[in-house]
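Working notes, beginning with the structure itself.
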Number of protein chains: 2
Amino acid sequence: MTTMANATQSSPLHGFLAPNSIAIVGASADPTKRGYKAMVGLIKDGYAGTIYPINPKVDRVLGVKAYRSLADIPGTADLALICTPAASVPGLLVECGKKGVKGAVVLASGFRETGRPDGIKLEQEMLAAAHQSGVRVIGPNTSGMFNLHKKVNLLALNNVKAGDIGLISQSGNMLLALVLEAERNGHVGFSTYAGPGNQADIGFNDYLRYLGEDPHTRVATLYVEGFRDGRRFLDAAREITALKPVVVYKSGSTEAGQRAASSHTGALAGSYAMTVDVLRQVGVSVVQHSDEILPVAEGLGLLQKARGKRVAVVADGGGQATIASDRLAEAGLELAELSETTRRRLGEILFPQASLVNPVDVAGSSDANPALLADCLEIVAADDDVDSIFLVGMFGGYYTRFAEDLLGGEMRGAEAMIELARRSDKPLIVYSLYAPVNPPALRRLHEAGLPVYSSIEHAVRVLAALGERGIYLAACTGQKAVPTVVPERAAQLVFADAQAAGRDLFEYEAKNLLRTHGVAVPEELLAGSAEDLASIAARFGDQPLAMKVVSKDILHKSDAGGVKLNVRGEAGMRVAFDEIMAASRAYDSQAVIKGVLLTPMARKGVEVIIGVIRDPIFGPVLMFGLGGIFVEILEDVAFRAIPLSPHDASSMLEQIKSRKILAGVRGEAAVDKAALVDLLLKVSSLVEAYPELIELDLNPVIARPDGYAVVDARIIVSRKPLAAKEACR
Amino acid sequence: MTTMANATQSSPLHGFLAPNSIAIVGASADPTKRGYKAMVGLIKDGYAGTIYPINPKVDRVLGVKAYRSLADIPGTADLALICTPAASVPGLLVECGKKGVKGAVVLASGFRETGRPDGIKLEQEMLAAAHQSGVRVIGPNTSGMFNLHKKVNLLALNNVKAGDIGLISQSGNMLLALVLEAERNGHVGFSTYAGPGNQADIGFNDYLRYLGEDPHTRVATLYVEGFRDGRRFLDAAREITALKPVVVYKSGSTEAGQRAASSHTGALAGSYAMTVDVLRQVGVSVVQHSDEILPVAEGLGLLQKARGKRVAVVADGGGQATIASDRLAEAGLELAELSETTRRRLGEILFPQASLVNPVDVAGSSDANPALLADCLEIVAADDDVDSIFLVGMFGGYYTRFAEDLLGGEMRGAEAMIELARRSDKPLIVYSLYAPVNPPALRRLHEAGLPVYSSIEHAVRVLAALGERGIYLAACTGQKAVPTVVPERAAQLVFADAQAAGRDLFEYEAKNLLRTHGVAVPEELLAGSAEDLASIAARFGDQPLAMKVVSKDILHKSDAGGVKLNVRGEAGMRVAFDEIMAASRAYDSQAVIKGVLLTPMARKGVEVIIGVIRDPIFGPVLMFGLGGIFVEILEDVAFRAIPLSPHDASSMLEQIKSRKILAGVRGEAAVDKAALVDLLLKVSSLVEAYPELIELDLNPVIARPDGYAVVDARIIVSRKPLAAKEACR
């Protein structure tokens, strides 16, 4: 296990997540109590710090001198484990504060998670006591914590191995499941664990910063049911993912799942797709199946990253070569195209029936000499078009499968692979069908820090995570998000006016705002009365025009007969104007009508949609997708937290499944992607300048080979004046 | 392990897959040779039949009397294992025939799979020898076979346990991987294994029939790289899935994967999506990840089926309840809506903080009494709206996690679950995070035939497979496919005419054919010259019409200016007619133009597409999907092998992801699904009547709330006369 260079430790959590003294409030000799288990865990694992059992009724707990109350302990304790009922917690935190305790683990439930007013009130009281006394709180309603490198095992888990996976899990069962899986795996271990529980005080962002700075943690792994402050988590993650891999499993991926989560911890669960997108935006490795958490954490911890997504597969069996190819393609990876040199060099050492095209199938060449596989790996690793290497088959089992004297060759092969992994910056992932029985050659690989998987599916998830991380680091290092524009005074007045009137922006106001900040919006002219039409006709000439009624009272303009398309010439405009006004008045006789807006018809192109919402968890988020059924039925959209970097914007265009349509189908030319990226960035840059803007909807934008046209724009205005800061959340 | 009632054994494979005597051609004392390994496997496992080692150079092999040649053995052998090189095989098969050997396992490679002419020729020679001598062949290029209930272990695998999973794998590595996985799992075993290799003689359909009849096999499990005769496989599968579960993993799910498969066994690989659809059509349980093969086979073998897809989840931890809900929804399963009675009864035994809504979270209620979980399962099992039951959490680990004296409660709980499973027809699936360490309560469940999973993902795949199988059996038992119509003489003449002219059917001919067989096609009239327009105008009145040029030489009618839409009245028709003729002549002055087709414009609706292709593997297959981008970009289509049953047809409409659009979006009414089903069945019924029809394309069909309109129809005609039988393949 490698220890990372010690980073500057700015997180206040170090003081109590790596404590030198611990008070156990509610220490007990009753084996069913947490106050007993924690004592046992500390003593059995040989905790080197001081333990202060707190119990007013006994002198000693498990042979350790006990104290009647916190006030009685000599000096201070870095950490207090509070095992007593919920009602006692606020008072105990005050006592902790008086003794200089830095952090408290509050196990009790009965707080906000109950959803009941008394529980919510008790959590507020607890939090007030914590703030007032300067004590940080893990929980309440937490499964506890451990720091195995400090031999602090407050959960008294058996057989949990110290290692370099830092773990934060909002489910105690998930912690147990991962610990048991690690036990079976035998090769991975954990550094620090904490259960954030209700996140009343310490949230995922704080834990992540701690793990980022913890020298014993090489990979931070989080099981999240709900973030409380997603925006701060994104900020923390952006910093930490630059240093080490961060793996997140977010539960509640489906509507059904979300229901279960909200009944569990009461944490707000945003849209799953949005959550995944904004996490990936800041370099988080999101895993989508719970049984991939540990394999991906192990692989990323050991190998960190790959340069890209081009994988070279070397297999000693065609069947599994095919499965590997299938799974690689599904995971968005590519089979590297091997150079002629590579193929020639492989051909020199392999049987004639071998397949030299990726996936390389040695077709029996290694049956009598398993070390030959290492030679193949060496050759493909030297190919410039290869980013990572995947050995697939039965390496490690040759000596059981074929002949016992092959063990020597397997061990030589293992050493050569270890040597190759040391020299090369290309990660080597081994899948072996013999991994479940852990034969000597695979044990050797493990010892040397090369991960070996017993599932092709898991191995491929690791390769994908390595490639995604490498690409993220290369693309996003040094990339800056667009700065917020300076708000225009005139636009601020428009918002103020709308807010005063309790209305949203008129379409032409929204478009003017966009124009003000450099968005190309086709010219539009408002005819307040029929008298304005002559000059408008002069301006637009014989172009076909769209005409739309302008009224805050008419939301569904088409339904009201308030829209006319392909209108030409002044005479046509007059007829259309009168018809629109008459129809709109008939539709709603009370409607205040500002006039009719005229604009040239947009030329044909691809309809896209750009939206902005202010998510309660992640703050302002931009959405992009193709219009119509793509967004409504297929929900084929991409999200990014605002502000966007140029990479964020361009990656949205590549992420949607319907991207082929942007590239041109049925012989049509591709749309101007650079113009769309520019549009996304302009929208991103103006949202934060206008806190009253709570929703924005450009639908449709017509994307064309030579630019775009914003055909409709809608801006929803908050009904009450907001402080700028609040609006950003 | 339960043995199934002995079915009638019609498969000729029983005679040699359960052999009473075995000749080992190439038996050897060299431990690296297959002829040695097979001898060791038979002797070590205690094979009770007679072994005849064949080796001209020695008197005994491993102490067993050897023979110089097959001709020298006394009497016959049921099975011959041929370990000698490819060139010797045809001669050896002739020798086998003379001695009355029923089947031969041919290990050698160097046949068709090489792709080389000499290999292909050798395989043909081998096959001719086999046919001539009446010997059936497993392979060539096979990994071998075993029948563990007969103690025939020709692969000499260590630690492979006899059980009820029958396995056919086209990859030897996959066999090994599954055997090693079973060893780690410890609870499952195998009956018969065979590697079909090149399937020169015996194909997957034959093996499947054998496994279907084998009394030791409760579930047939197939790893398939390519079928050779997919149509016969479908026929076999339709019969066998009615008796026992059939699990298929088909490799080559992606383009990259397909490339690897074709370089491996040379078997043709059809479109993966199509393969999955037609396999499911006949009740096969298709798994899409290789690490799901064994869990699904185990679960289906033990539990067979569920009534439907409504799952009740009982969990002792909210985190995993959420994960289970997520995965259930993703797998197309539903969280059963629990009745008021069920919820009341649960409420009576659970803590107040428990969630009584599915997923049921006992929230600590079972911490001191794990047997309570069995009571919860009992209660949800009694709910009529529950089809299967899923226990999620840490059952089996209470005694390690909480207190040792809980072991008694766990064992009582296990007994109650076993008793419940015996009484109830609702399958019970257990996921436990303690499954990897196999504690006593879980061991007990296993012994009693209840599967326990260590992965939520795998458990959910099993629940899905059980539900799909139950629904298939209920829906398809007794359902008959539509019979082929009797071909119309007139239509046969049209095909003959087209074939003679080397052309496809004209659109109006295709539509006439459809009309002939009861498909509702809007009336169309052909104007051979402008003189016909008067009578056509009289017929259609003032309806808006579509007009299209008719010429075998003009494929892209729109490009040629050969299409006019929304034409009204006789005068308009005349103008349009002249324009179409002029434009078409200008487009291709050599084109033979039959005239212009006139038809009323189709009213608005949902565009769907219906296609028929003759797949080289599976024969005629029908495709259904929504038109335009749905089929072209999203490939959102469903396939069924022809002929279809009514269930097949209606299930296509439910399968496509865009089904919401058929149900009506944006307030539009749902389309007439019954009419579409009828159309699918009519198309299915006519394809086989016309063997010259090699492709059919109805694109678009406009589906409406009150029926449908076939707007365009295209029928491709085979260029050479086909025998009817050939056309069916």
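Here, each number is a calculation from the coordinates, and none is a lab measurement. The shown structure was predicted, so the numbers you read here are calculated from the model rather than taken from an experiment. Cβ sites come from the backbone with ideal geometry, for glycine too, and all protein chains shown count toward neighbours.
For the rotation bringing A onto B, which A residue has its Cβ nearest the axis, and at how many Å?
So the closest residue, with its distance, comes out as A:634, 4.
So if I restrict to the alpha-carbon atoms in chain B, what is the Rg, and what is Dmax, the biggest pairwise distance, in Å?
31.2, 101
Which distances, in nm and shortest first, link the residue B:115 label point to the same label point in every other copy, taking 7 Å along Cα→Cβ?
6.1
Could you grab the Rg to Rh ratio for the stretch A:499-600? Cα atoms only, Kirkwood for Rh.
0.97
Could you tell me which of the pairs A:511/B:660; A:564/A:720; A:250/A:673; B:511/B:660; A:57/A:99 are separated by over 27 angstrom between their Cα atoms in the structure shown?
A:511/B:660; A:564/A:720; A:250/A:673; B:511/B:660
Pop out the ³J(HN,Hα) list for the stretch B:191-199 in order, Karplus 6.51 cos²θ - 1.76 cosθ + 1.60 with θ = phi - 60°, rounded to Hz; leave Gly and Pro as x.
3J(HN,Hα) across the stretch B:191-199, in whole Hz: 9, 10, 10, 9, x, x, x, 6, 6.
How long are the semi-axes of the equivalent ellipsoid of the stretch B:637-729, defined as square roots of 5 times the Cα gyration tensor eigenvalues? Whole Å, largest first.
29, 14, 10
Could you calculate the FRET efficiency of residue A:480 with residue A:555 from 1/(1 + (r/R0)^6), where r is the beta carbon distance between them and R0 is 41 Å, rounded to 0.05?
After rounding, the FRET efficiency stands at 0.60.
Provide the FRET efficiency to the nearest 0.05 for the residue A:604-residue A:516 pair, computing r from the beta carbons and using R0 = 30 Å.
Efficiency, from the Cβ-Cβ distance: 0.60.
Using a label position 7 Å from Cα in the Cα→Cβ direction, what is the ascending list of nm distances from residue B:574 to the same site in the other copies?
Label-point distances to the other copies, shortest first: 3.6 nm.
So what's the back-of-envelope 222 nm ellipticity for chain B, counting only DSSP H runs of four-plus at -39500 (n - 2.57) apiece and dividing by all residues, rounded to 500?
-11500 deg cm²/dmol
When only C-alpha pairs under 8 Å and at least 6 residues apart count, what is the relative contact order of chain B, in percent?
9
For the stretch B:41-89 and the stretch B:425-479, what is the centre-to-centre distance using only Cα atoms, to the nearest Å?
43
7 Å along Cα→Cβ for the label point: how many nanometres lie between residue B:660 and each equivalent label in the other copies, listed shortest first?
In nanometres, ordered from closest: 2.1.
What residues qualify as long-range amide H neighbours of residue B:77, i.e. H under 5 Å apart, gap of 5 or more or another chain, H built at 1.01 Å from N?
B:101
Can you list the aspartates and glutamates whose alpha carbon is less than 13 Å from that of residue B:604, not counting same-chain residues fewer than 8 positions off?
Qualifying aspartates and glutamates at Cα under 13 Å: B:668, B:706.
Translational D (Stokes-Einstein, µm²/s) of the protein assembly as shown at 20 °C and 1.002 mPa s when Rh comes from the Kirkwood sum over C-alpha pairs?
Value of D from the Cα-based Kirkwood radius: 59 µm²/s.
Rounded to the nearest Å, what's the spacing between the alpha carbon centres of the stretch B:383-409 and the stretch A:194-253? Just the number, please.
Cα centroid to Cα centroid, the span is 31 Å.
Please turn the phi angles of the stretch B:705-714 into ³J(HN,Hα) values with the Karplus equation 6.51 cos²θ - 1.76 cosθ + 1.60 (θ = phi - 60°), one per residue in order, whole Hz, x for glycine and proline.
Result, rounded to whole Hz: x, 10, x, 8, 9, 7, 7, 9, 9, 9.
Report, in cubic angstrom per residue, the convex hull volume of the C-alpha atoms of the stretch A:14-299.
For the stretch A:14-299, the hull spanned by Cα atoms encloses 120 Å³ per residue.
Per-residue HN-Hα couplings for the stretch A:667-680, Karplus 6.51 cos²θ - 1.76 cosθ + 1.60 at θ = phi - 60°, whole Hz, x for Gly and Pro?
Whole-Hz 3J(HN,Hα) from phi for the stretch A:667-680: x, 7, 6, 5, 6, 7, 5, 4, 5, 5, 4, 4, 4, 4.
Which value in Å is the Kirkwood Rh of the stretch B:589-690 over different Cα pairs?
One decimal place: 15.3 Å for the Kirkwood radius.
Pull out the extension gain between residue B:578 and residue B:695, defined as 0.36 nm times the separation in residues minus the alpha carbon to alpha carbon distance; nm, one decimal.
Full-extension gain reported as 38.8 nm.
As an exercise, identify the trypsin sites (Lys or Arg not before Pro) in the stretch A:391-490 lying in DSSP coil whose Cβ has no more than 11 other Cβ atoms within 10 Å.
When the trypsin sites (Lys or Arg not before Pro) of the stretch A:391-490 are filtered for loop state and at most 11 Cβ neighbours within 10 Å, A:480 remain.
Check each of the trypsin sites (Lys or Arg not before Pro) in the stretch B:532-626 and keep only those in coil by DSSP with at most 16 other C-beta atoms within 10 angstrom; list them in order.
Answer by residue number: B:552, B:568, B:594, B:603, B:604.
From Cα pairs below 8 angstrom and at least 6 apart in sequence, can you work out the relative contact order of the stretch B:371-451, rounded to a whole percent?
39
Could you state the principal axis extents of the C-alpha atoms in the stretch B:316-376, from the largest down, to the nearest angstrom?
In descending order, the Cα extents are 33, 24, 19 Å.
What residues qualify as long-range amide H neighbours of residue B:221, i.e. H under 5 Å apart, gap of 5 or more or another chain, H built at 1.01 Å from N?
HN-HN under 5 Å from residue B:221: B:166, B:167, B:168, B:247.
Can you pull out the trypsin sites (Lys or Arg not before Pro) in the stretch A:5-77 that DSSP calls coil and that have at most 16 other Cβ atoms within 10 Å?
Sites meeting the loop and neighbour criteria: A:33, A:57, A:68.
Can you give the Rg and Dmax of the stretch A:353-475 based on its C-alpha atoms, in angstrom?
Final numbers for Rg and Dmax: 14.1, 49 Å.
Quick check: the distance between the Cα centres of the stretch A:590-638 and the stretch B:578-657, to the nearest angstrom?
32
If you stretched the chain out fully between residue B:125 and residue B:68, how much longer would it get, using 0.36 nm times the residue separation minus the C-alpha to C-alpha distance?
Additional length available on full extension: 18.1 nm.
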